[in-house]
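Here the structure comes first, spelled out in structure tokens, and everything after it is commentary.
No value in this document is a laboratory result; all are computed from the given coordinates. Keep in mind it's a predicted model, so treat the numbers as computed, not measured. Neighbour counts are summed over all protein chains in view; Cβ atoms, including those assigned to glycine, are modelled from backbone coordinates with ideal geometry.
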Amino acid sequence: MRATYEDRGHVTVPAVLDRATRSAAHEHLATLPGGALRAAPIETDPFFGAVAADPRLVGIAAEVLGGAVEAFACTYVVKPPRVGLPALWHQDGEPWRDRLGGAAATTLWIALDPSTVENGCLRVIPSSHRLPLQPLRPNTEVASIFGVELDPALVDEAAALDVVLDPGDVSVHHPNLVHGSGPNRSDRPRVALAVRYRALG
């Protein structure tokens, strides 16, 4: 797993979270305010704290980062049927730069629903994690989840890979990986939980 992650900046791990955990996540999501992005501090949210400490997830993060890790953020990404917005091309790491102080980090993106091309699955540019972190710029012309994007001149869309996932699968990606997702054009929701980990020591 780690060799693939280091080479491509991305790896998929199937069947990580069981149905009961996914159902609990859906129930927890309903208690949080917000729209496409819903979050709460891990330190004060018992469900997020428990999920972030789940040994199945911690083990994956520890393997790709090469040692002990701790979670620093959890966020649901919600795309309702027919109206779910895209995420424009971006790198996760730029907004974390000051917070992490140079520590290595990774995102575990957990599918809570089927994630398909039709409902706006993740799209990644394999091996794009070799690109240094770039500033993200506002884009007010295209409605999107984050409202920002990477300079399109830096994105090789011809190399993009659709990351189709079953519920419980985990997409692991490097903070420098260029990735995004399309809109939800289907009649099915697409909900994911992103758990972010940083290396300790």
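Considering 115, 171, 144, the condition of being under 23 Å from residue 7 (Cα atoms), hydroxyl-bearing (Ser, Thr, Tyr) and either surrounded by 21 or more Cβ atoms within 10 Å (Cβ to Cβ) or in contact with a strand residue (DSSP E or B) (Cβ under 8 Å, 6 or more places away or on another chain) (or both) is satisfied by 171 alone. In segment 11-69, the qualifying residues are those that are part of a helix (DSSP H, G or I), charged (D, E, K, R) and free of Cβ contacts under 8 Å to residues at least 60 places away in the same chain, and the one that is farthest from residue 177 (Cα to Cα) is 27. Considering only residues in segment 34-78 that are of a type in the set (Ser, Thr, Tyr) and under 13 Å from the mean Cα position of the chain (by Cα), the one that is surrounded by the fewest Cβ atoms within 10 Å (Cβ to Cβ) turns out to be 75. Those residues that are closer than 26 Å to residue 187 by Cα and buried (at least 16 other Cβ atoms within 10 Å of the Cβ), I need them from segment 121-141; list them, please. Once the filter is applied, which keeps residues that are closer than 26 Å to residue 187 by Cα and buried (at least 16 other Cβ atoms within 10 Å of the Cβ), segment 121-141 yields 121, 122, 123, 124.
From the list 194, 160, the lone residue that is without any contact (Cβ under 8 Å) to a residue 60 or more places away in the chain and either hydrophobic (A, V, I, L, M, F, W, C) or in contact with a His (Cβ under 7 Å, 6 or more places away or on another chain) (or both) is 160.
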